[in-house]
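Each remark here refers to the structure printed beneath this line.
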Amino acid sequence: GGYIANSLAIMTDALHMLTDLSGIILTLLALWLSAKSPTKRFTFGFHRLEVLSAIISVLLVYILMAFLLYEAVQRTIHMDYEINGDIMLITAAVGVAVNLIMGFLLNQSGHLHSHSHPHSHVPQSNSPNTAHSGSHGHSSLAVRAAFVHALGDLVQSIGVLVAAYIIRFKPEYKIADPICTYVFSILVVLTTVRILCDTGVIILEGVPRHLNVDRIKEDLMKIEDVYCIEDLNVWSLTAGKTTAIVHLQLVPGSSSKWEEVQSKARQLLLNTFGMYKCSVQLQSYKQETSKTCASCQSSSA
C-alpha cells in the first residue's frame, strides 16, 4: 500500500511492523529456550537469550529508523513526489486496526506473565511475602520489548492515519508524510531507552534497580553469629531472576552453628529479597593479617 500510494509514512509503518515480526519471533524463541534445563556447558541455563532477543529487536528498529530518517530528509528538501491520498487513507486505517489488536494481545500476555506492576520495587522490609511478590513485578524484558514495539506501531499508525486524512483532502500539505517519520523517530528513542538501560545493567552484571546492596548487608549482619561479610555479589540472569553469592565470616567459637547461620542467610536472600538463586559461603573467624603484594615486595627490594 505504501509503495502504490508513494507514501513514506505508510512504508515506515509497514517496515516497522516487519521488524517487529522478527522481534516477536526472537522473543518466542528466547522464551522457549530460557525454559530449557541447564546443560554442562551452560550451567545457568539460557535465560540471557531473553535479554539478547530484546537488544536485537531494539537495534533492528534503530537501523530502520536511520534509513527512513534519511529518506524523510530527502523528501523534505526536494518535495518532488506525489501521494495517492485514497490508497494511503485506506492502508493507514487497516494499519491502525491491526496494531490495536496486536497491542491488546501483547498487553494481556504481559499481565499474565507478571502479577503486579512491571516497575514495582521490592519493599525495604523483612516481610517475606511482600518482598517476594515485588520480585515477580519485573516482567520479561522480551515481552516488554514486543509490547513497546506494538505500542510504538499503534501511535505511529494513528499519526499516519491523520496524515493520510490531511493529504487526501489537502494535497498541498504533503509535507505531513515525512513529518510522520520524524515523530516516529522521537517516539522510538523515548520508548526504548528504558529497555536498553535495563538490558545493559543485566549484561554488565549490575545490581538490579529494585535492590539495595547496603540494606542486604545490614540484614545479613543482623543474623546471630555473623562477624562480618567478606564478599557480596548480586546480579541478574535475566529480568526478575536475581542471583547472589555471599561470603560470611562467623564470630569466634561459633563454627558449630554454621548450618543454622547458612539457613537463615539463605532464607533472607530467597524470601525477603526475592533472589532466584543464592550461594552462602561460611568460614570461621580469622584474625586479619597484613598482606603485602608481590609488586610492593619487589619494589622495596
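The values are calculated or read from the model by the stated rules, or taken from the named source; none is laboratory data. No experiment lies behind these values; they were computed from the predicted model shown. Counting neighbours? That spans all protein chains shown, and the Cβs are built from the backbone with ideal geometry, glycine included. Remember, those area values only see protein heavy atoms, side chains included, never the ligands or the DNA or RNA. Shrake-Rupley method; radii C 1.70, N 1.55, O 1.52, S 1.80 Å.
Just to verify a result, which residue in segment 228-278, among those that are hydroxyl-bearing (Ser, Thr, Tyr) and open to solvent by 50 Å² or more (accessible area, probe 1.4 Å), is nearest to the chain's Cα centre (by Cα)?
My answer is Tyr276.
Quick grid of which residues meet (1) surrounded by fewer than 17 Cβ atoms within 10 Å (Cβ to Cβ); (2) of a type in the set (Lys, Arg):
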site: Leu8; (1), (2): no, no
site: Met17; (1), (2): no, no
site: Ile25; (1), (2): yes, no
site: Leu29; (1), (2): yes, no
site: Ser37; (1), (2): yes, no
site: Lys40; (1), (2): yes, yes
site: Ser57; (1), (2): no, no
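In segment 242-268, which residue that is modelled with pLDDT under 90, in a helix (DSSP H, G or I) and not basic (Lys, Arg) is nearest to Val201 (Cα to Cα)?
Only one residue tops the list, namely Trp258.
Given the residues Ser57, Ser34, Ser7, which is the only one that is in contact with a Phe, Trp or Tyr (Cβ under 6 Å, 6 or more places away or on another chain) and in contact (Cβ under 8 Å) with a residue 24 or more places away in the chain?
The conditions single out Ser34.
Assuming Met79 fulfils every condition listed in (1) open to solvent by 40 Å² or more (accessible area, probe 1.4 Å); (2) at negative phi apart from one, which condition is it?
Checking Met79 against (1) open to solvent by 40 Å² or more (accessible area, probe 1.4 Å); (2) at negative phi, the one that fails is (2).
Failed condition for Tyr62, given (1) open to solvent by 60 Å² or more (accessible area, probe 1.4 Å); (2) under 32 Å from the mean Cα position of the chain (by Cα), with all others met?
The number of the failed condition is (1).
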